[in-house]
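Trainee: The structure under discussion is supplied below as structure tokens; questions concerning it will follow.
Bear in mind that the values in this text are calculations on the coordinates, not laboratory data. This structure is a prediction, so every number in the text was calculated from the model and none was measured. Cβ sites come from the backbone with ideal geometry, for glycine too, and all protein chains shown count toward neighbours.
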Amino acid sequence: MPINFKDVSFTYSYKTPFENVALNDINATILDKSFTCIVGKTGCGKSTLIQQLNGLLLPTKGEVIVDEFVVSSNRKRRTKKLANLRKKVGIVFQFSENQLFEETVLDDVAFGPTNFKVSKEEARKIAKECLLKVGIKEEYFEKSPFELSGGEKRRVAIAGILALSPSIMVLDEPTAGLDPEGTKEMMELLKKMNESGTTVIVVTHDMNLVLTYATNVIVMSDSRIVKEATPDELFLDNDEKYSLETPYIAKVVQELDKKGIKLDTKVIKDVKSLASEIARKRKNK
Amino acid sequence: MNNMILGRYSPYDSFLHRLDPRNKIVSMILLMVALFFQFNLPGTSITDFVMTFIVEGVILFIVIISMIVAHVSIKQFFKSLKAMWFVVLLLFIINIFIVASPSSADWTSTMYYYYGESFRIQVPAWNWDYPIYWASIYQSIKIVSRLIIMISLTMILTSTTKPLDLTFAFEWFMSPLKLIKFPAHEIAMTLSIALRFIPTLLDETDRIMKAQSSRGVDFKHGRVSLRIKALVALIIPLFISAFQRSEELADAMEARGYNPRAKRTHYHKLTWSVFDSVIILFTLAILAGVIVISVMNITYYTPTFLGWLFIALAITITMFILLGIFSSTRKVAK
Ligand SMILES: Nc1ncnc2c1ncn2[C@@H]1O[C@H](COP(=O)(O)OP(=O)(O)OP(=O)(O)O)[C@@H](O)[C@H]1O
Ligand SMILES: [Mg+2]
């Protein structure tokens with residue numbers, strides 16, 4: 001089941017002197033099992049948009065439909081128990097490393113499942129699996145989360161959401177502040193999750209990652225959605241760039257295009273696929 | 001988070017917003033003193049009660065007009081008061097049971113004399129029999145109503161004055177103390193930083209609550225033990241980030257060469273206008289009136305009192321209308 005935004009508007013501090021429109025008439029669909037990236041200038045409403053997905057913020061107008069769940073400020077329409085939706089849609093926030101609080105890493109990850117009536121033992125078992133999945137080694141399990149580095153903390157936070165085994169995983173700028181290696185590992189982790197059937201939604205400013213990993217892109221500007229497309233449509237075919245930075249692979253393809261070498265943009269995701277596409281082109285000639 | 005609106009600066013441009021913060025602080029204190037005046041008229045506690053309410057009435061009137069002028073929503077005000085119903089209730093109960101319990105009845109003996117014991121709460125099963133005096137009920141009503149008016153006065157101050165202007169005013173008031181090496185500037189700086197970080201901390205609270213809610217924490221429902229756990233999941237990250245922030249800020253200030261002992265000037269100068277003089281004279285007049293009433297034992301049945309009250313109200317209304325004409329209110333961008 002896809003996620004549907006229907007005429008969603010959201011205003012912070014609604015009906016006070018501090019009103020601040022953050023979302024304006026959003027209509028969009030996020031496909032099931034897709035790897036969707038949400039991009040746009042800072043302050044355009046990306047973080048606000050994803051918080052509608054599990055009812056942390058309720059749209060002031062319109063509704064969000066996730067499977068059988070309806071998120072709306074209309075009490076009659078809204079699903080009664082949003083807690084179950086929170087289990088289905090896991091959100092990892094920007095600076096998620098600030099949400100850790102338990103004494104040990106393992107307990108912190110196990111905290112989520114215990115909120116959903118999983119026994120302590122079971123929760124710890126799940127926590128171990130999730131920590132290993134995000135690449136935290138066993139010797140860290142009994143450490144205090146505050147002893148870890150920023151990047152490690154973030155992985156623990158992600159494991160904390162992963163432990164709820166959500167079918168939709170939303171991450172707000174998960175690679176901000178990570179080194180290139182950490183960024184790659186993070187994205188590979190998300191890719192693996194996506195391949196095992198989880199819908200992954202990522203907010204990011206890094207267009208190179210978008211081109212390499214995303215199957216769908218949502219471009220936002222000024223609290224509206226201005227484009228829904230696949231990455232190759234967005235970066236390789238289209239001239240309008242919605243003031244987005246062009247990924248370096250796309251630049252190479254564009255320059256080759258100017259020199260008269262036309263490539264099949266659909267398959268180009270990274271350096272490797274670019275090279276094999278050029279090789280294929282040469283062979284055909 | 002919505003009931004945190006109480007006392008938050010609201011970005012309008014009314015004449016109350018434009019008044020000098022020093023004036024607003026002094027005027028507020030003068031009105032509070034007037035509000036808390038006792039009318040110790042011998043043997044006439046009903047007079048005290050009624051006079052208190054007349055004074056409260058006048059001040060309440062000023063408060064309501066100010067709220068209208070400054071675009072402080074009265075509806076919003078009462079909504080935010082809901083957050084403190086517990087305090088009000090507690091005060092009320094404490095007063096009823098303590099202020100005029102038989103032992104303290106001596107203290108308010110005049111009241112006791114005039115109202116006597118009024119009714120008793122009796123619970124035969126516990127062998128419980130407690131007298132409630134009308135005097136104590138009056139006393140409670142007095143205290144609670146004064147408290148509410150006092151809160152609304154401070155709320156007008158804080159919602160029409162930018163926090164930074166408030167600290168400038170405090171620094172100005174404390175500046176004579178600099179002569180005796182009192183760290184007036186440091187205190188003002190600390191205060192303004194603290195004020196500056198309140199919204200940040202509220203945002204942080206909001207963010208952490210959301211992050212923990214995503215992990216299935218329910219802050220609103222559930223067993224007490226679960227809710228305590230939820231609170232821990234909120235407070236620990238909040239404290240850690242607050243400490244981190246304060247450390248970072250201190251380092252950043254030092255890195256930029258902040259020296260608390262340095263002589264400094266302000267970008268914004270506090271300016272005293274004609275309106276300020278009018279307002280402070282007006283509040284002084286009100287306080288003077290209350291003092292005169294109290295000292296000279298004037299009461300509501302003294303001939304000419306109603307005349308004076310009427311004149312006071314008339315002056316208040318005209319003044320606010322005139323000031324309103326001189327200065328239109330409009331919303332300003334944040
Ligand atoms: N808690 C809040 N209260 C009031 N306004 C807010 C709040 N959070 C965000 N906003 C406002 O809503 C708008 C959208 O903010 P949002 O955080 O969704 O942007 P964003 O696209 O995630 O930006 P970034 O890329 O910097 O994270 C901004 O104008 C912001 O000022
Ligand atoms: Mg954001």
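Trainee: List the GluC sites (Glu not before Pro) within the stretch A:218-277 that fall in a DSSP loop (any state other than H, G, I, E or B) and whose Cβ has at most 10 other Cβ atoms within 10 Å. Intermediate results must be reported in sequence, preceding the final value.
Mentor: On the way: sites: A:Glu228, A:Glu233, A:Glu240, A:Glu245, A:Glu255, A:Glu277; in loops: A:Glu240, A:Glu245.
Passing sites in the stretch A:218-277 are A:Glu240.
Trainee: Out of all DSSP beta bridges with both ends in the protein assembly as shown, state the antiparallel percent to the nearest 5.
Mentor: The antiparallel proportion sits near 60 percent.
Trainee: Could you work out, residue by residue across A:17-26, how many beta carbons of other chains sit within 10 Å of that residue's beta carbon, and then give the average as an integer? Can you show the working numbers first?
Mentor: On the way: counts 13, 6, 0, 1, 0, 0, 0, 0, 0, 0.
The shielding value for this peptide is 2.
Trainee: If you build the convex hull over the alpha carbons only and average its shadow over all orientations, what do you get for the stretch A:1-146? Give it in nm² to one decimal. Present the calculation step by step, with values, prior to reporting the outcome.
Mentor: Details: hull surface 43.3 nm².
Mean projected area of the Cα convex hull: 10.8 nm².
Trainee: Restricting attention to the stretch A:17-122, which GluC sites (Glu not before Pro) occupy a DSSP loop and are surrounded by at most 15 other Cβ atoms within 10 Å?
Mentor: Values: sites: A:Glu19, A:Glu63, A:Glu68, A:Glu97, A:Glu102, A:Glu103, A:Glu121, A:Glu122; in loops: A:Glu19, A:Glu68, A:Glu102, A:Glu103.
The qualifying sites are A:Glu19, A:Glu68, A:Glu103.
Trainee: Of all DSSP beta bridges in the stretch A:135-285, what percent run antiparallel (nearest 5)?
Mentor: Details: 5 of 10 bridges.
If we restrict to bridges inside the stretch A:135-285, about 50 percent are antiparallel.
Trainee: For a Förster distance of 41 Å, can you work out the FRET efficiency between the beta-carbons of B:Phe182 and B:Met319, rounded to the nearest 0.05?
Mentor: Numbers: r = 37 Å, r/R0 = 0.91.
FRET efficiency, B:Phe182 to B:Met319: 0.65.
Trainee: Shifting gears a bit: Could you work out the relative contact order of chain A? I mean the mean sequence separation of Cα pairs under 8 Å and 6+ apart, divided by the number of residues, in percent.
Mentor: Values: 507 pairs, mean separation 59.2, N = 285.
Relative contact order of chain A: 21 percent.
Trainee: Just to check I understand the Karplus step: with θ = phi - 60° and J = 6.51 cos²θ - 1.76 cosθ + 1.60, what whole-Hz values come out for the stretch B:207-213, glycine and proline as x?
Mentor: 5, 5, 4, 5, 4, 6, 4
Trainee: Let me ask you something else. Can you find, among B:Ala230, B:Ala288, A:Leu263, the residue sitting farthest towards the positive end of the charge dipole of the protein assembly as shown, where Lys and Arg contribute +1 and Asp and Glu -1 at Cβ?
Mentor: After comparing all options, I get A:Leu263.
Trainee: A follow-up question, please. Looking at A:Val8, A:Leu171, A:Tyr140, which one has the Cα that reaches farthest to the positive end of the dipole of chain A (charges on Cβ: Lys, Arg +1; Asp, Glu -1)?
Mentor: Going by the Cα projections, it comes out as A:Val8.
Trainee: Ok, one more. Which net charge results for the neighbourhood of A:Val64, defined as the other residues with beta-carbon distances under 12 angstrom from its beta-carbon, given Lys and Arg at +1 and Asp and Glu at -1?
Mentor: Working: positive: A:Lys6, A:Lys61, A:Arg77, A:Arg78; negative: A:Asp7, A:Glu63, A:Asp67.
Summing Lys and Arg as +1 and Asp and Glu as -1 gives +1.
Trainee: Grab every C-alpha pair in the protein assembly as shown, bin the distances at 10 angstrom width from 0 up to the longest one, and report whole percents.
Mentor: Percent of pairs per bin, in order: 3, 12, 18, 18, 17, 14, 9, 5, 2, 1, 0, 0.
Trainee: Can you pull the one-decimal nm distance between simple spin-label points at B:Thr154 and A:Arg282, each 7 Å off the Cα toward Cβ?
Mentor: Each label point is offset 7 Å from its Cα along the Cβ direction, giving 7.8 nm.
Trainee: What are the equivalent ellipsoid semi-axes of the stretch A:3-246, built from the alpha-carbon gyration tensor (square roots of five times its eigenvalues), in whole angstrom, biggest first? Show your work: numbers first, answer last.
Mentor: Values: eigenvalues 172, 105, 51 Å².
They are 29, 23, 16 Å, listed from largest to smallest.
Trainee: Return the distance in nm (one decimal) between the two label points of a simple spin-label model at B:Leu306 and A:Glu255, each offset 7 Å from Cα along Cα→Cβ.
Mentor: In this crude spin-label approximation the distance works out to 9.4 nm.
Trainee: Still on this structure, I have one more. If you take every DSSP beta bridge whose two residues both sit in chain A, what share of them, in percent to the nearest 5, is antiparallel?
Mentor: On the way: 21 of 39 bridges.
Close to 55 percent.
Trainee: Just to be sure I understand the model, the point goes 7 Å from the Cα along the line to the Cβ. What's the resulting A:Lys117 to B:Val274 distance in nm?
Mentor: Once both label points are built, they end up 7.3 nm from each other.
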